[in-house]
Amino acid sequence: MNDLAQGARTRAGLVAASIELFDRQGYEGTSLDSVCRAISVTKGALYRHFPSKQALAVAVVEEHFRRWHEVRAEVEDSGAGPLQTLIDLTHRMGSLTHTDRTVRVGVRLLFTSELFELLAGVHFVSLVVMVRDLLGQAVAAGEVRPGLDTRDEADGIAAAVIGSQAMTVITSRGDPADRLATMWRHRLEHLVAPERRAHVRATALVS
């Protein structure tokens with residue numbers, strides 16, 4: 001294995017080990033020494049990739065961001081229209097806060113005081129852009145009422161989704177699917193013309 005491939009493998013191993021340790025022990029409770037021990041590398045090897053624990057946490061949150069794009073692609077492959085794709089995407093990501101360690105840890109890190117100012121704004125903007133893109137496609141497809149202000153709608157939807165994920169991770173109470181379905185039922189009343197509502201569901205069509 002050449003040095004470049006070995007370096008990529010070490011970096012991926014450090015991120016994966018961090019996700020597992022942050023999930024079990026929390027960000028504050030995880031030391032860089034424990035991350036190194038988990039994959040049997042030296043501190044020097046870690047510092048070649050990440051100058052600090054904060055930098056390592058940023059890489060973990062980037063993996064969480066990547067999951068949003070991966071899940072969007074999976075949902076789009078199902079053939080749903082853009083509005084249903086958006087609804088299903090939010091439900092899938094809500095469910096993954098329970099079942100996917102990367103998503104769960106990523107959400108938790110976003111609300112860690114040391115990282116909030118650094119990462120939360122970037123995540124919100126990234127999600128708003130994705131929501132706005134799908135809403136724009138829905139407008140073009142005639143799925144929503146004409147004249148929709150996609151900027152305001154995208155801000156509101158992104159805030160509701162992030163809040164639902166945060167509540168799931170931080171409080172460990174309630175089903176994110178229930179919260180998201182309630183949010184979507186209210187939003188669909190003004191997003192979608194009455195004659196089109198039979199074609200869109202507030203609950204997910206794909207699991």
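The values are calculated or read from the model by the stated rules, or taken from the named source; none is laboratory data. Keep in mind the model is a prediction, meaning the values are calculated, not measured. Quick reminder, even Gly has a Cβ in these numbers, built from the backbone with ideal geometry, and neighbours come from all protein chains shown. Accessible surface areas use protein heavy atoms only, side chains included; no ligands, DNA or RNA. Shrake-Rupley method; radii C 1.70, N 1.55, O 1.52, S 1.80 Å.
Remarks
- The chain, accessible surface, carbon-and-sulfur percent (1.4 angstrom probe): 52 percent
- Whole-number D in µm²/s for region 92-207 (Stokes-Einstein; Kirkwood sum over Cα pairs; 37 °C, 0.692 mPa s): 216 µm²/s
- The chain - accessible surface per residue (Å², probe 1.4 Å): 50 Å²
- Ratio Rg/Rh, restricted to the chain and using Cα atoms, in which Rh is the Kirkwood radius: 1.04
- Modelled label reach - Arg48, point 7 Å along Cα→Cβ, region 3-29 residues with backbone N closer than 19 Å: 3-18
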